[in-house]
């Protein structure tokens, strides 16, 4: 995947969020973020800040329902959990093993 083009697409989406007033469109964006986050965290960490910005912008939108706010908070927590898991796996792989005696 061309992550530069994907980042540009996310940036465009971010700029359009203030104009999105349809609850159905917000649900579509949330559904796509659910699909994107696992791949982005593992493959293209440079787009994760853009995803976080989209989550923040949607969360601050007056068009977002309480259920959508809850879904966005869950997505933000999913990103945090994914980072924590990736860091733990990295640290476990880097921890020197004791020498055999």
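Summary of computed values
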quantity	calculated
Sole residue being under 25 Å from residue 2 (Cβ atoms) and without any contact (Cβ under 8 Å) to a residue 24 or more places away in the chain, chosen from 43, 28	28
Selection status of residue 34, under 9 Å from the mean Cα position of the chain (by Cα), surrounded by fewer than 19 Cβ atoms within 10 Å (Cβ to Cβ) and closer than 15 Å to residue 10 by Cβ	yes
All positions within segment 26-40 that are over 15 Å from residue 72 (Cβ atoms) and touching a helix residue (DSSP H, G or I) at 6+ places or on another chain (Cβ under 9 Å)	38, 40
Test: residue in segment 85-92 that is modelled with pLDDT of 85 or more and surrounded by 11 or more Cβ atoms within 10 Å (Cβ to Cβ)	no
Every residue from segment 1-25 that is within 17 Å of residue 72 (Cβ to Cβ) and either over 15 Å from the mean Cα position of the chain (by Cα) or exposed (fewer than 12 other Cβ atoms within 10 Å of the Cβ) (or both)	16, 17, 18, 20, 21, 22, 23, 24, 25
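The values are calculated or read from the model by the stated rules, or taken from the named source; none is laboratory data. Computed from a predicted model, the values in this text were never measured in an experiment. We place every Cβ from the backbone using ideal geometry, glycine too, and count neighbours over all the protein chains shown.
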